[in-house]
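What follows is a set of notes on a single structure, which appears directly below.
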Amino acid sequence: MGAIGVFDSGVGGLSVLREIRRELPQETLRYVADSAYAPYGDKPADFVVRRSLALADFLIGSGATSLVVACNTATATAVDTLRERFSVPIVGIEPAVKPAVEHTLAGRVGVLTTSRTALSARFHRLLDRFKGSCQIVVQPCPGWVELVERGVLDGPDAIVAVAQYVSPLVAQGVDVLVLGCTHYSFLSPRSEEHTS
Ligand code: DGL
């Protein structure tokens, strides 16, 4: 049995890798963090497609027989191209809009995401499919990926950065936040503080 190849623009996808390891303890997992090229979220779409193709090619060439794109930005931008180009099963990740809409009492959901995801047609199809009668406030969070890549998960810089994008959403009456980037879960204790 071949390995499962997992990639992200950097360390964010480790949050996904941890869950795969929990569910599939026997599988061989190979992870690539493309940290030298992070963040993807501020780059043009063709850049993200090129990096995703290079990483998929590398992982499949190293024996991966399936791929997990542990990056919302790469999924939104490149998963269709990856599926056209490679015949192995490819699993992507998308912002959890559906469960957020099911949980909101206020009818207002905030989606924290990268600028590239916010611009993508795939993300807007996701919103159209699941938003129902809810108001969805999309908030790009430039700078957060860089903080997580530097290991700044707490302390004054992290608190200021989280408050910058989360406080306005709370002020607008949003009662559920979607962490639409795998890096953001490493900052989530801070996000929870600002919503409670
Ligand atoms: N972890 C990536 C995601 O889920 C971060 C993208 C980036 O590098 O900006 O979107």
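Anything in region 17-46 that is closer than 19 Å to Ser120 by Cβ and within 17 Å of the chain's Cα centre (by Cα)? List them, or say none. Matches in region 17-46: Asp34, Tyr37, Ala38, Pro39, Tyr40, Gly41, Asp42, Lys43, Pro44, Ala45.
Of all residues in region 20-43, which are within 14 Å of the ligand (Cβ to nearest atom) and without any contact (Cβ under 8 Å) to a residue 60 or more places away in the chain? Tyr31, Val32, Ala33, Asp34, Ala36, Tyr37, listed by residue number. Residues of region 45-92 that are small (Gly, Ala, Ser), within 12 Å of the ligand (Cβ to nearest atom) and either farther than 26 Å from Ile136 by Cβ or touching a residue at least 40 places away in the same chain (Cβ under 8 Å) (or both): Ser52, Ala70, Ala74, Ala76. Can you tell me which of (1) part of a loop (DSSP other than H, G, I, E, B); (2) without any contact (Cβ under 8 Å) to a residue 40 or more places away in the chain is the one Gly173 doesn't meet? Just one mismatch for Gly173, condition (2). A count restricted to region 63-95 and to residues that are part of a helix (DSSP H, G or I) and among the β-branched types (Val, Ile, Thr) stands at 5.
Among the candidates Ala118, Ala161, Ala106, the residue that is assigned to a helix (DSSP H, G or I) and touching a Gly at 6+ places or on another chain (Cβ under 7 Å) is uniquely Ala161.
Being within 15 Å of the ligand (Cβ to nearest atom) and in contact (Cβ under 8 Å) with a residue 24 or more places away in the chain is the filter here; which residues of region 93-118 pass it? Scanning region 93-118 gives Ile93, Glu94, Pro95, Ala96, Val97, Val111, Leu112, Thr113, Thr114, Ser115, Arg116, Thr117. Within region 135-194, the only residue that satisfies the criterion of being over 19 Å from Leu14 (Cα atoms), within 13 Å of the ligand (Cβ to nearest atom) and open to solvent by 50 Å² or more (accessible area, probe 1.4 Å) is Pro142. Mind listing whichever residues of region 116-134 are among the small types (Gly, Ala, Ser) and surrounded by fewer than 16 Cβ atoms within 10 Å (Cβ to Cβ)? Ala121, Gly132, Ser133, listed by residue number. Taken together, the residues in region 84-106 that are out of contact with any Leu (no Cβ under 9 Å at 6 or more places or on another chain) and either closer than 18 Å to Gly41 by Cα or surrounded by 15 or more Cβ atoms within 10 Å (Cβ to Cβ) (or both) amount to 3.
The values are calculated or read from the model by the stated rules, or taken from the named source; none is laboratory data. All values derive from a computational prediction rather than experimental measurement. Reconstructed Cβ throughout: ideal geometry from the backbone, glycine too, with neighbour counts over all protein chains shown. For the accessible areas, the whole protein counts, side chains as well, though only heavy atoms, and no ligand, DNA or RNA atoms are used. Shrake-Rupley method; radii C 1.70, N 1.55, O 1.52, S 1.80 Å.
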